Amino acid sequence: MNNISQTSQQNFLSQKMLQTLKEMRSRLEAVNNAKTEPIAIVGMACRFPGGANDPSTYWNLLHDGIDAIRPVPPERWDVSANYDPDPEVPGKSYTKEGGFIDQVDQFDPLFFGISPKEAVSLDPQHRLLLEVTWEALENSGQTWSNLKNSQTSVFMGISTDDYSALSINQNQNGAGTYSVLGNNRSIGVGRISNLLGLQGSNIQVDTACSSSLVAIHLACQSLRSGESNLALVGGVNLILSPISTIGRCQLKALSPDGRCKTFDASANGYGQGEGCGIVVLKRLSDAISDGDSILALIRGSAVNHDGPSSGMTVPNRMAQKQVIQQALTNAKLEPHQISYLEAHGTGTSLGDPIEIEALAEVYGKNRPADQPLIVGSVKTNIGHLEAAAGVSSLIKVILALQHQEIPPHLHLQQPNPHVDWDRLPIKIPTSLIPWSGEGKPRLAGVSSFGMGGTNAHIVLEEAPTEVRSQKSEVRSEEYLERPVHILTLSGKTEKALEDLVSSYQNYLETNPELELADVCYTANTGRAQFNHRLGVIASEPTELIEKLLGWKTESELVGVFSGQPNSESPQIAFLFTGQGSQYVNMGRQLYEKAPTFRQALEQCDQILKPDLETSILEIIYPKDAQKLSILDQTAYTQPAIFALEYALFKLWDSWGIKPNVVMGHSVGEYVAATVAGVFSLEDGLKLIAMRGKLMQQLPSGGEMVSVMASESQVTEAIKEY
């Protein structure tokens, strides 16, 4: 007996230990999965050379193979006073072209709660970060009010101080408070969190040319560790003074014609470029559960340093190989699965061969001969954006994944002779080519190498097919829900609203395939609301375009409303009617096309089933002609009116229209009491069902009297009764 007991106890302990081990293994797997969970890119915005002030325009530039390099804008500095074609002349620049963006001196400080006086001292790079971050949030459908006090982190690459040097030269008497704060890089990045009320990490990253890609790596780590739930990431670079250009010319780093001729025999330095790019990141699981639009996935990332090399600015091929391999390991992918590589590709005679050899050594492993790695560099289009270079490359690859096309790589006339191209499984695309997935997810790598030796590599994957198909199904259901939609837009000024209307009009015209439901939903829920407002009701995109144009030309149109809100919120009252308002098929279109209304009505039907002989849905929407008159029987009339009015309330409530006061007459009093919380939905329905049943049992021929008199008069009249 004792042996049996001992054996049972040992079996119990063994089972318990096995269960504990399983639980520990499960937890360990969860921790390991969290460390490598894909990161979803849910929004992006940009200002790049060539007028690429949004992702759509940027794609057009890339798609068409446009060279965005141009002469230094005359408002930047006196080119003739600072230029000399002889690279040996000290204190002069031997190049006078680059990738420039327009209107870097334009800024609306009041929009961001900054005084005009302070704005003058604010580095234009900081201004640009504020503007493009706001645009990226709008692109992602994230509103400021939802992010306040959240664990949203900010990681921004910024590494130059041209404006600071200009400010000191123009203000020899010393820097004021605004100037000190306005030129500090970390404070410039900190302004984003301060403006939006964010409480996650806020980190300014400076690893020179790799700054923004390193920032993205840090953001991925922050999200995977649970430190952040959302991350705003990117980089900025502006060329505001000839000093930095002259300095780079002294290093012989720049190309005389201002162009990056990456991988070409004529490569002779990089062309400077400027711009800003921001992406919005989330854990994939959160993005799916939140219903976000996923642009692409970051599967893995890695950062390292060159360590010892033949010179401080000389790349280390072994270190580049290692950072690529580390990123692939983090992504849990094999090298041959990557089909495109966006190279750092500055266009230097020394750096290009080192990078291409490192790429080939890693990505060439087990690669089929008929599937070479496609390699390109956006620097051939817009120049080297230094601190913003990595994010400009990242956004290019996101767009290429979305369009399933690889843009042309420019300025490749004669491949660099120091590279054995015939031996390498690499192809440089000199024209637009289709990006074939062959039934598998498209995958790409992005490299960014800093002049100080910090290297970064990121592995991207196209948005998951199942997520795209789910969104398509949801979109079609939402479109059926409301055949007529409302678009709401707002701006802080009338001019801002006009510009926004023009932007939507152009966007709708150039993207006719867009679902009206999606456009309206994102505009209504994903944008901050300002005082100058416009609401447009439309059933088709063409109708919406016409009405937006009509509003701009001040035409009188039905379904177009504009103005400014009252200083006080309006008081809303709901009035619920009584018996006599019922009719067969009341609310049928809502029942068929509005899920919220339908669910509420079906909930009422389920609660009423024990108290009614026939389903309330069959009474309101009869399929049998013999049941058409049942709705007028009091026992069914009252529950039917109650259920319909309650479903209408739930529908208004789902749209954010909530009453301050509720009133009702007869049956409507019971609905009003339920909405006000006097009693539960179950109690309200059971009361009205019993009320209707009792009234149905009264003798026929009864009458109702309505008396138009005060309470005191009625009390006096019926006193003796």
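Summary table
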quantity: Per-residue [θ]222 nm for the chain (sum of -39500 (n - 2.57) over DSSP H runs n ≥ 4, rounded to 500); calculated: -13000 deg cm²/dmol
quantity: The chain - percent relative contact order, Cα under 8 Å, separation 6 or more; calculated: 13
quantity: Within straight-line cross-link reach of Lys686, lysines at Cα separation under 21 Å, skipping those fewer than 8 residues along the same chain; calculated: Lys609, Lys650
quantity: Mean Cβ neighbour count within 10 Å, used as a protection proxy, ranking 333-340, 317-324 highest first; calculated: 317-324, 333-340
quantity: Anchor Lys92: lysines whose Cα lies under 17 Å away (excluding residues fewer than 8 positions away in-chain); calculated: Lys252
quantity: Cut-off under 5 Å, modelled amide H: who pairs with Asn455 long-range; calculated: Asn304, His305, Asp306, Gly450
quantity: Charge sum, other residues only, whose C-beta stays under 10 Å from Gly43's C-beta, Lys/Arg counted +1 and Asp/Glu -1; calculated: -2
quantity: Shape of region 50-177, Cα gyration tensor, a/c cut at 1.5; calculated: oblate
quantity: Rounded if a/c under 1.5, otherwise prolate or oblate - region 555-634, Cα gyration tensor axes; calculated: prolate
quantity: Considering only the chain, percent of DSSP beta bridges that pair antiparallel, nearest 5; calculated: 65
quantity: Fewest-first ranking of Glu438, Glu645, Glu274, using other Cβ atoms within 10 Å as the exposure measure; calculated: Glu438, Glu645, Glu274
quantity: J(HN,Hα) series, region 611-621, from Karplus relation 6.51 cos²θ - 1.76 cosθ + 1.60, nearest Hz, glycine and proline x; calculated: 9, 10, 6, 10, 4, 5, 5, 6, 6, 6, 10
quantity: Entries in Lys693/Lys719; Lys396/Lys552; Lys492/Lys658 that, when Cα-Cα distance is taken, lie over 29 Å; calculated: Lys693/Lys719; Lys396/Lys552
quantity: Summed side-chain charge close to Lys609 - residues other than Lys609 whose Cβ falls under 15 Å, Lys, Arg +1, Asp, Glu -1; calculated: -4
quantity: Within region 40-463, percent of DSSP bridges classed antiparallel, to nearest 5; calculated: 65
quantity: Percent of C-alpha pairs per 5 Å bin, region 227-269, short to long; calculated: 5, 17, 16, 17, 13, 10, 7, 8, 6, 1
quantity: Euclidean distance between Cα centres, region 479-529 to region 138-159, Å; calculated: 22
quantity: Cβ crowding within 10 Å averaged over residues, with 692-698, 242-248, 152-158 ranked highest first; calculated: 152-158, 242-248, 692-698
quantity: Calculated mean projected area of the Cα convex hull in nm² (choose from (i) 49.6; (ii) 52.1; (iii) 39.7), label; calculated: (ii)
quantity: Given charges at Cβ of Lys, Arg, Asp, Glu: the chain dipole, positive-most of Pro74, Thr262, Gly141; calculated: Thr262
quantity: Highest-first arrangement of 278-285, 251-258, where packing means the average Cβ count within 10 Å; calculated: 278-285, 251-258
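Any read-out appearing in this document is the output of simple, stated calculations on the displayed coordinates, not a laboratory observation. All of these numbers come straight from a predicted model, not from anything done at the bench. Cβ atoms come from the backbone with ideal geometry, glycine included; neighbour counts cover every protein chain shown.
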